[in-house]
Structures are given as C-alpha cells and as structure tokens.
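The values are calculated or read from the model by the stated rules, or taken from the named source; none is laboratory data. Remember, it's a predicted structure, so these values are computed and weren't measured experimentally. FYI the Cβ positions are ideal-geometry reconstructions off the backbone, even for glycines, and counts take in every protein chain you see.
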Amino acid sequence: MGLLVIRVLAPLIGIAVLWLVRIWVKPPARVWRRALEFGWVAAAVVAVADTAARLLGFWHYTMPGLVAGLPLDLYVAVALIYGSSLLLVYWWLREKNPRYGLFLAGALPFYGVARDAIVTSLSGTLFLAWDTPYWWAPNFIAWAAMGWITILAFDQSFSRHRQQPGRDLPRKAPGAAAKHNRRFT
C-alpha cells in the first residue's frame, strides 16, 4: 500500500513543486518552455545511471512493477523536480548573480547523496537497496551527471538562440525607423 501511495503521489508532488517554483521564479515564456523541454534530460540521465548502477552492482530497485529493473513512473517526478524545477531555480539564481548558479550546480551532488542516504535510512529497502557500502561514490557521480548535463544542455540552448541574428532584438513600431532616420539626415 505504501508503494502505491509513493507511485501516485510522486508525479503529483512533482507537478505541485514545479508550479510553485514557476510562481516564485516568474520566468519569461521562453525560459519556462525550455525548462519543460530540458527537464526530461534529467530523467533520461538518471535512468541511464540507475541502469548502470544495477548492472555494476551498486544499487537496485526492489519495488514491484519495474520495467527492465527501473521504476519508470517515478522518473516523471525526477523530470519535473530535478529537471524542470531545478532549471528554473538555476536560471533565476544565474540572473541574480552567475556565481549563485554555479553554487547550485556544485551543491547538487552533495544534496543528492544526503537525500538518498536519509530516504533509504527511513524507508529501509521498501523501494531501493544499496548493494555495496560504497554506493555513495557512483551516486555522487550520477547526481553530478544529471545536474550538470541538464544545466549544460539548457544553457547551450540559449547560446544557440542568441547566435541567431535578430532573434531577441526588440521590435520597433512601424515608422519608428523612418523617424529615426529623419533625425539624422
């Protein structure tokens, strides 16, 4: 019964967190759309990391209903919280001061390992089992890869956008160019 609640609530919590972050951050429409698009990068990286960890004997999921050893339904929450919401917070911090965004990217793997250690100590092997006492090292690498690849892809999408001439230039009202040219002739 507990797993059913987790599996139903996790995506709903992801939606709620994303909505609250959007209200708090107030991103422009283009940032909001990109955060939604690139949030799925985080879920894909985590799925690859979980698969590699299972095959290499670092950890495995123990809950019923797994597809190829993975809880695919929980990756929706990963995409929404650790993908899209994280990107919105990163964008907001970077707009305030670029160093804040770097701090978030650097702190993320430490947060991830601490979160996973606390959750598994509270839940036992309800849904995840560590197969080695050194689980924290590949877990740290997985969290770093998830956060950094997602942030890099997000940032690169904006740099490609900026390189296209005329994309972000403000539009002038009709006739504004003619008025401007008359003043200087």
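Note on the range 53-66: residues that are aliphatic (A, V, I, L, M) and surrounded by 14 or more Cβ atoms within 10 Å (Cβ to Cβ) amount to 3. Residues in the range 67-92 that are hydrophobic (A, V, I, L, M, F, W, C), farther than 14 Å from Trp40 by Cβ and exposed (fewer than 15 other Cβ atoms within 10 Å of the Cβ): Val67, Ala68. Checking the range 122-145 against the condition returns a match, with at least one residue being part of a helix (DSSP H, G or I), closer than 28 Å to Val5 by Cβ and in contact with an Asp or Glu (Cβ under 7 Å, 6 or more places away or on another chain).
Residues in the range 1-15 that are surrounded by 13 or more Cβ atoms within 10 Å (Cβ to Cβ) and touching a helix residue (DSSP H, G or I) at 6+ places or on another chain (Cβ under 9 Å): Ile6, Arg7, Ala10, Pro11, Ile13, Gly14, Ile15. Checking the structure you have, find out if any residue of the range 137-151 is more than 17 Å from the chain's Cα centre (by Cα) and modelled with pLDDT of 95 or more. For the range 137-151, residues more than 17 Å from the chain's Cα centre (by Cα) and modelled with pLDDT of 95 or more: present.
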